[in-house]
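Engineer: Structure below; questions to follow.
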Amino acid sequence: MGLLSDPSRREVLTRLITRMNTPLCVVCYVAGILWFVGLAFEPLILRMYISENAMGSTMVHENFVYGERALSYAREFSGHRKKMGGMPVDWMLKTLHGLGLEAHSQTFSRTLPFPDELRERYMVKGTNVFGILRAPRAASTESIVLSTSHRNTQATGLLLTLASYFRGHIHWAKDIIFLFNEHDMLGMEAWLEAYHDVNLTGMASSVLQGRAGSIQAAVVLELNSDVITSFDVAVEGLNGQLPNLDLVNLFISFCHKNAVLCTIQGKLPRSDGETLPGYVHALQTMLLMVLKQGSGKASGEHGLFLRYHVEAITIRGINSFRQYKYDMVTVGKVFEGIVRKLNNLLERLHQSYFFYLLPSLSRFVSIGYYMPAFVLLISIPILKALDLWIKLSKPEGNQQTTHTERDVSLLTILTPVMICHATGLALYFLPVFGRKDAAEHFPVSETEAVVLSSIAIYVAGLALPHNTHRVLLSEVTERGWMTLKLITLLYLALLLGCIALINFSLGFILAVTLTPAAAVAQPGHLKTFRALLLLLVSPATVLLMCLYLYHELSEVPLTVLECWQLFLQAIAEAILDHHLYGCIVYPFLILFIYPCWLLLWNVVFWM
Amino acid sequence: MAASLVLVLVAGVTVRAVLFRCPLLAEFISERVEVVSPLTAWKRVVEGLALLDLGVSPYSGNVFHETPFMIYIFHFLIDYAEFVFMTMDVLTAVALYMAVQDFNRITFLKQRFDYESKKYGTDVIDLIRTPKEMCHIPLKVALFYMLNPFTVLTCVAKSTCAINNAIIAAFMLATVKGSAFLSAIFLALSTYQSLYTITLFAPGLLYLAQKHYLFVSLKCPAFWAYSVKYAMMFLGCLLVTTCLSFFLLSSWDFIPSVYGFTLSVPDLTPNIGLFWYFFAEMFEHFRLFFLFVFQINVFFYTLPLSLKLRDHPMFFMFIQIAIIAIFKSYPTVGDVAMYMALLPMWSHLYRFLRNIFVVTCILITTSFLFPVLWHLWIYAGSANSNFYYAITLAFNVGQILLVSDYFYAYLRREYHLVKGLHLKNKAGRDAHIILK
């Protein structure tokens, strides 16, 4: 109870917070960044290990030898696909039937809110084909999904071969679903919605004719060459959700067993984690993961499974200029091993971590390791808010005036808050609603209309008549902006805290950029500098910088013009992702972070 | 003043009506575990009604846990449920408004009397409450109740907690007006509804006794006589309601199904309370012991509080309602909203509150984190129950800090009123008062 009532101890605390505020904030920021950067240093973090008992101890012998057959299937499939100009449904159904699987098809259609110029689609119609291998030893209550998109010729061939090969085995305890989907993510979304009998996104699709119990795990294969040099594993799902680490571990362990090279974020693993170059490499890999996860986009088709509580990864076969290549037999063996081990699962994957960052494939950073970095960053707005609170609660003059002042400031605070959120709402609704009109009146396509009007509203938001308090109040007071800033800082901390739990990377990127600017935002001298700093960390600029950083890190540097093009594309895709798959990053930024940022902008231009 | 009250009520009703018109949102809210508990969920009321219509005892099947009165009320009013819940909120707000108005008037008279009879210290003019400051308090209480997001959510979810709150508010009004009989009736109804409010007997009795100028002391026979009278009225009403319930359904099924369910906590659905996680984790043979440990919290503080706050029964009532909201077995945000509505009554304690900023931040943050962690646990599957319970704990710690802060501030103000505001220690410097 001492802290509740002992004034001298509280005095020490308040003095610490007010006098040492700026140094404390700087220390927190630097410590937060250093902590985060230090996470990539391998000796500091945990080694990967398999937690799941059912997968750790059992041995599996892989006997897959039908590489040639896979290639011949692939050639046949490719021929039929060319003939049909899309998914060769009949051929697929016939082949799956021929292999002794229960084969079904599912048609779906979806009209996008506006044309997707990158993938050139607007009104999408397609058919998914899937075959269920019924397990001889169980009652179809659980299943494993192996999936590929119909663009991946070799992957389709391999899956068909695996289906025929698995058919001859007697040890399956879970049904295996071989899914071949059209229009990649859209097809996957349609299939998953139909499988779970929900309709989240306005997809029109036919009813599934066959199901195989709850899906325990899913592996998506992307393979487009006869031989591969390495595998790349993609883990980031929709909204930054990640699969259980054990699934990644499982894949890596089979790659090791078959001596296949595997990469993450397209970066080869290095064994010299303790040296500087090795550390920089790990840091780059981790930053790439942070940027990808922060974008909230699924980095493969597996990303949609995660929403249904199904652990899933995408595995990409890479064929680069490397000398040593692996043929289909090795690839098939890896998959056989993975499926066999997943078949051994007694319960859903849940033992290992769900919140992690991967600086390499041999080490991982768990939530307990990375959260302190975020907490240090988020303590900056909280410290600043405490400082402001202490300053505000010190009475100025006599009791009476402060009281009336507080009453007035409620109105002056509420107005900017409302205006900023209304701007956010306008930014969310107007571009998509008004795209037709915009495309009629200006020489732009619908997609361009959406993107450009978004940018226009965004910029216009800065120039809105925010400072209504000048009209409402005869004199502009110090307390006004201090209260507004106090509320904004707490709001920011709350938003960042919530989003960091859902998508750590997004929260961290926003915290790194926004917190220092939020801390220094205030009217008075150096206003231009503060305004510039705020502009530099506005959500749109951060997106631009992230795009640049991403391409810099993945070693395909951009020119300024390319970066701008990508920026426009990214906005269109973010809106589409939100409407098509329910990605929350775009609405979160527009409806919450942007208004919060506008409030800071208000604070700077208070006087 | 009345015009402003009507404005507040209209605003509150409008918000509720708009939310009722968004079926998806209303359904989402009514599924939230923070808003409805097994005891108050509307879904369960509907189920009970269906069973009743089929001629089956509504309590068979272990789904329905409302009292028989409730089911008969909604048997007739099921088509007007939305209207009933909005009316309940309006009634609560009006009752609170009137109760606080009357209480403030009496407080002011008492203060003037004390001041004129030189009971107060010399330099306490800053602490004296003025009519100007007090005149807006009833309106603020009504506002806090009508427009508190917690109350709005409770109403939109059609949680019967709103009805319990209305009864508590009616009890407060009856008590403040000095009507012992009505007060006993509403207390009995409230006890009948939610059991824990039996602890409000003590503040109710103290308030009524003081209202009738009785000397509150165990040595005073008049006080004893009054206590017995009030207790008899209360027990009589309780007996009548219970027997009526029996005649309504002609079975005693409701006793184990409502009160047994409340006390033995068999349903461990997560909520904002402290019970579910502990009892889910616990070994079965410790269960009974810990049931006592957990349940005693609600009742345990009544006696010491009634000794300490003997002269301040209204504040006692506030603290007791808060304690019930924190320690009851199936708390919802509706219970929290009830005592939060009373916070403006104590706005004069502001200068003595120490942690109000931190506590407010904790409460707001945790309220937003509840749905986030629920999503991570139940939908995304990446977090687990520990995450959600951590937030529950933080929320309850916030509430406890809030209540103890107000309690401390109240005692401190009373102390200063008597001893003077600017105390000097022996060395002649400003003295510090420390609670150890």
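The values are calculated or read from the model by the stated rules, or taken from the named source; none is laboratory data. Note that the structure is predicted; figures quoted are calculated from it, not measured. All Cβ positions, glycine included, derive from the backbone under ideal geometry; neighbour counts span all protein chains shown. Ligands, DNA and RNA are excluded from the accessible area calculation, which covers all protein heavy atoms including side chains. Shrake-Rupley method; radii C 1.70, N 1.55, O 1.52, S 1.80 Å.
Engineer: All but one of (1) without any contact (Cβ under 8 Å) to a residue 24 or more places away in the chain; (2) within 14 Å of chain A (Cβ to nearest Cβ) hold for B:Pro304, so report the exception by its number.
Structural biologist: All conditions are met except number (2).
Engineer: Check off (1) open to solvent by less than 20 Å² (accessible area, probe 1.4 Å); (2) in the same structural domain as A:Val219 (by the TED database); (3) not aromatic (Phe, Trp, Tyr) for A:Ser366 and give me the number that stays unchecked.
Structural biologist: For A:Ser366, the exception is condition (2).
Engineer: Has region B:371-386 got any residue that is touching a Cys at 6+ places or on another chain (Cβ under 7 Å), free of Cβ contacts under 8 Å to residues at least 24 places away in the same chain, among the hydrophobic types (A, V, I, L, M, F, W, C) and open to solvent by 10 Å² or more (accessible area, probe 1.4 Å)?
Structural biologist: yes
Engineer: Take the residues of region A:51-61 that are surrounded by fewer than 19 Cβ atoms within 10 Å (Cβ to Cβ) and touching a residue at least 60 places away in the same chain (Cβ under 8 Å): which is farthest from A:Phe166 (Cα to Cα)?
Structural biologist: The qualifying residue farthest from A:Phe166 (Cα to Cα) is A:Ser51.
Engineer: If I filter region B:289-318 down to residues being in a helix (DSSP H, G or I) and among the hydroxyl-bearing types (Ser, Thr, Tyr), which single residue comes out as nearest to B:Gln210 (Cα to Cα)?
Structural biologist: Taking the candidates together, the pick is B:Ser306.
Engineer: Let me ask something additional. With under 27 Å from A:Arg119 (Cα atoms) and not in a strand (DSSP E or B) as the only criterion, which of A:Ala259, A:Ala212, A:Ala194, A:Ala218 stands out?
Structural biologist: On inspection, the qualifying residue turns out to be A:Ala194.
Engineer: Turning to a different aspect of this structure: Name the single residue, out of those in region A:118-151 being buried (at least 22 other Cβ atoms within 10 Å of the Cβ) and outside any strand (DSSP E or B), that is farthest from the chain's Cα centre (by Cα).
Structural biologist: If we take residues in region A:118-151 being buried (at least 22 other Cβ atoms within 10 Å of the Cβ) and outside any strand (DSSP E or B), then A:Ala135 is farthest from the chain's Cα centre (by Cα).
Engineer: What pairs can you find where one residue is in region A:199-228 and at positive phi, the other is crowded, with 20+ Cβ neighbours inside 10 Å, and their Cβ atoms are less than 6 Å apart, with a gap of 6+ or different chains?
Structural biologist: Once the first residue is at positive phi and sits in region A:199-228, its partners that are crowded, with 20+ Cβ neighbours inside 10 Å give A:Gly213/A:Glu142; A:Gly213/A:Ser143.
Engineer: With the requirement that a residue be touching a residue at least 12 places away in the same chain (Cβ under 8 Å) and outside any helix (DSSP H, G or I), what does region B:267-288 give you?
Structural biologist: Matches in region B:267-288: B:Asp267, B:Leu268, B:Thr269, B:Pro270, B:Asn271, B:Ile272, B:Gly273, B:Leu274.
Engineer: Moving to a separate point now. Among the residues of region A:273-294, what is the count of those that are in contact with a Lys or Arg (Cβ under 8 Å, 6 or more places away or on another chain) and at pLDDT below 90?
Structural biologist: 1
Engineer: Working only within region A:266-309, note down all residues that are within 14 Å of chain B (Cβ to nearest Cβ), open to solvent by less than 10 Å² (accessible area, probe 1.4 Å) and either assigned to a loop (DSSP other than H, G, I, E, B) or at positive phi (or both).
Structural biologist: Matches in region A:266-309: A:Gly296 only.
Engineer: Output the number of the condition that A:Pro243 fails; it satisfies all remaining conditions of (1) within 12 Å of chain B (Cβ to nearest Cβ); (2) part of a strand (DSSP E or B).
Structural biologist: Looking at each condition in turn, A:Pro243 falls short on (2).
Engineer: Which members of region B:353-391 meet the condition of being more than 10 Å from chain A (Cβ to nearest Cβ), in contact with a Leu (Cβ under 6 Å, 6 or more places away or on another chain) and farther than 19 Å from A:Leu490 by Cα?
Structural biologist: Residue satisfying the conditions is B:Tyr388 alone.
Engineer: Still on this model: When you scan region A:232-240, do you find a residue that is more than 14 Å from chain B (Cβ to nearest Cβ), outside any helix (DSSP H, G or I) and in contact with a Gly (Cβ under 7 Å, 6 or more places away or on another chain), even just one?
Structural biologist: Taking every residue of region A:232-240 in turn, at least one turns out to be more than 14 Å from chain B (Cβ to nearest Cβ), outside any helix (DSSP H, G or I) and in contact with a Gly (Cβ under 7 Å, 6 or more places away or on another chain).
Engineer: Can you go through A:Ala40, A:Ala31 and tell me which one is part of a loop (DSSP other than H, G, I, E, B), farther than 24 Å from A:Val334 by Cα and outside the structural domain of A:Val280 (by the TED database)?
Structural biologist: After ruling out the rest, the residue left standing is A:Ala40.
Engineer: Out of contact with any Ser or Thr (no Cβ under 9 Å at 6 or more places or on another chain) and at pLDDT 90 or above: does that describe B:Thr14?
Structural biologist: Here the answer is yes, as B:Thr14 does meet what is asked.
Engineer: Inside region A:519-607, counting only helices (runs of 4 or more DSSP H) that do not spill past its ends, which hold 1 or more residues that are within 29 Å of B:Ala380 (Cβ to Cβ) and aliphatic (A, V, I, L, M)?
Structural biologist: A:539-553, A:560-581, A:585-588
For every residue, the table says whether it meets (1) modelled with pLDDT under 90; (2) closer than 22 Å to A:Val207 by Cβ.
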| residue | (1), (2) |
| --- | --- |
| A:Phe108 | no, yes |
| A:Asp116 | yes, no |
| A:Arg121 | yes, no |
| A:Leu159 | no, no |
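Engineer: What do you reckon, is B:Trp346 more than 10 Å from chain A (Cβ to nearest Cβ), surrounded by 15 or more Cβ atoms within 10 Å (Cβ to Cβ) and either hydroxyl-bearing (Ser, Thr, Tyr) or without any contact (Cβ under 8 Å) to a residue 12 or more places away in the chain (or both)?
Structural biologist: no
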